[in-house]
1. For residue B:194, state whether it is closer than 24 Å to residue B:77 by Cα and modelled with pLDDT under 90.
2. Filter the stretch B:37-68 for residues that are of a type in the set (A, V, I, L, M), surrounded by 17 or more Cβ atoms within 10 Å (Cβ to Cβ) and more than 12 Å from residue B:203 (Cβ to Cβ) and give the result.
3. Return yes or no: is residue A:86 polar (S, T, N, Q) and modelled with pLDDT under 90?
4. Taking the stretch A:42-76, which residues are within 10 Å of chain B (Cβ to nearest Cβ), within 23 Å of residue A:141 (Cα to Cα) and part of a loop (DSSP other than H, G, I, E, B)?
5. Would you check which residues across the stretch A:23-35 are more than 19 Å from residue A:11 (Cβ to Cβ) and part of a strand (DSSP E or B) and list them?
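The values are calculated or read from the model by the stated rules, or taken from the named source; none is laboratory data. Keep in mind the model is a prediction, meaning the values are calculated, not measured. Neighbour counts run over all protein chains shown; Cβ positions are idealised from the backbone, glycine included.
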Amino acid sequence: MQGIHLNDVHVHFDHPSGITIAVDGVTQQVPPRSFVSIVGPSGCGKSTLLAVIAGLQPATSGSVDVNGRRVTGPDRDIGVVFQEDSTLPWRNVRENVEFAMQMAGVSKGERAAKAAAAIELVGLKGFEHSYPATLSGGMRQRVALARTLALQPGVVLMDEPFAALDQQTRIFLGAEVRRIWEQTHQTVLFVTHDISEAILLSQQIWVMSYRPGHVIDVIDIDLPDERDASIVSSPRFNELHNRVWASLQKESMRGFQDVETA
Amino acid sequence: MTRLTKLRESQFAGAAVVALVASAIWQVSSGLSFVIPSPAATAEAFVQNFADPRYLSDIGETAQAVAQAFVIGTVLGGAIGLLLGLSAAARTWLEPLLIAFNGVPKIVLYPVLLPIFSLGGSKIVMGVLFALFPVLINVAVGVRTIPPVYWKLGRTVQASKWQLFVHILLPAIRLPLLTGVRLAISLAVVGVVLSEFFATRFGLGRVVLQAYSHGEYAQMVSTILLLILVAFTMSVLLWRLERRVR
């Protein structure tokens, strides 16, 4: 049972004014070595679902299996790239990339070799000794990506890693992630609210509904494997975009009305 | 580079000018009243003091008490600050109490400490009370303001508690911690010497007080200058370290 298997995952949050159902029975799977994105409006529980898979958030009911193992807590075989800047300002690029390996007790020599490879992979060669304060937001996310990839986890989870970046950097980095994935072919689950980003990157898209969050549509992206940022202007890309947008539109409106009337 | 050098030079020049002007004013005012010793007489007393074994043992006594107060105060303040920073419960229970206690002029407790810790111990305890709070407050605030994503990162890479402490917490609070330590050194000196002013058999505070009651003003001022000089030097050194740390 390789890949990610979600079996009727529910997540409820209790608070004084009642219960919020963040994830409402998601049963899906990410096939091994494939790239799947979750798109959905803000507050649809997509990040919560990712946190459950990462072992950071317990599911209220249901189960998650990653590469045949039941998820009960964080696991180094499950790499996570966060939305927030998670580079450590007191470590330079190389030391940041080595962080996860260092915590895992990887030997110094192996760390150095793997860090160098990961830094090259994300296109940061020459910046090994720079500190995060001197890097742009996009470069810092590359550092975070390299840190995750260097540990060579079985699956990589990305929680809106480019959400805080400007549009151009975002598209560019999206294409970079695609290029990297074509080299590594790791199992990736990518969360975003950006449809173009999801289509550009993925082989499959799950559309999630506003609360209670569940997967309302699964769309296979039949674009060629070899793609770059120029694909966004192709007719097929547009069709797919419209398809995802149609699913999402009803949901976004519902979320919007919910907020308006709340 | 040249601008930086220039700035440093001018900073040094500025300090030199201030020192010169201050000495001139001191010289002039010493002529006005016998209670103000001249700079020359003070300097002479300053040098002569170091030939006096009794004086040297007073320096040793004070230095030892300050060092002990500083170490205990920093460790204790760091531990309580850590507790306050990490535990919401500890915050609710202890914080109001600590803030109130920090507002109390601690020296009023000295007579209470004396019978408990005796002469030698009381000034160390007083030094601890002075040194404690800057470390405590800086560490507590530093820990509380660590970005949550650092902890999330630590969890996903399955860092142990010790690894979190050494590789996330300590480096993340390095700047406020250094600020706290710098203030703790100065305040440990204040706590100890202040206590020695009130009641003690040994130490520089006693020297100052005795010189005062004997009318040996050159001796008094030279010892005060020594205290200022030591506290100032340590502060400057730590301040420079603070600026070098990223």
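1. Yes.
2. If the condition is that a residue be of a type in the set (A, V, I, L, M), surrounded by 17 or more Cβ atoms within 10 Å (Cβ to Cβ) and more than 12 Å from residue B:203 (Cβ to Cβ), then B:45 is the only one that fits.
3. Numbers: polar (S, T, N, Q): yes; modelled with pLDDT under 90: no.
No, not satisfied.
4. Answer for the stretch A:42-76, where residues must be within 10 Å of chain B (Cβ to nearest Cβ), within 23 Å of residue A:141 (Cα to Cα) and part of a loop (DSSP other than H, G, I, E, B): A:55, A:56, A:74, A:75, A:76.
5. Across the stretch A:23-35, the qualifying residue is only A:35.
Residues checked against (1) touching a strand residue (DSSP E or B) at 6+ places or on another chain (Cβ under 7 Å); (2) surrounded by fewer than 16 Cβ atoms within 10 Å (Cβ to Cβ):
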site	(1), (2)
A:193	yes, no
A:197	no, no
A:205	yes, no
A:215	yes, no
A:219	yes, no
A:224	no, yes
A:228	no, yes
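Conditions (1) outside the structural domain of residue A:8 (by TED's automatic domain parsing); (2) touching a Lys or Arg at 6+ places or on another chain (Cβ under 6 Å); (3) touching a residue at least 40 places away in the same chain (Cβ under 8 Å); (4) of a type in the set (Ser, Thr, Tyr), marked per residue:
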| residue | (1), (2), (3), (4) |
| --- | --- |
| A:62 | no, no, yes, no |
| A:70 | no, no, no, no |
| A:73 | no, no, no, no |
| A:101 | yes, yes, yes, no |
| A:111 | yes, no, no, no |
| A:118 | yes, no, no, no |
| A:125 | yes, no, no, no |
| A:137 | yes, no, yes, no |
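Per-residue answers, yes or no, for (1) closer than 20 Å to residue B:142 by Cβ; (2) surrounded by 15 or more Cβ atoms within 10 Å (Cβ to Cβ):
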site	(1), (2)
B:166	yes, no
B:175	yes, yes
B:200	no, yes
B:213	no, no
B:238	yes, yes
B:242	yes, yes
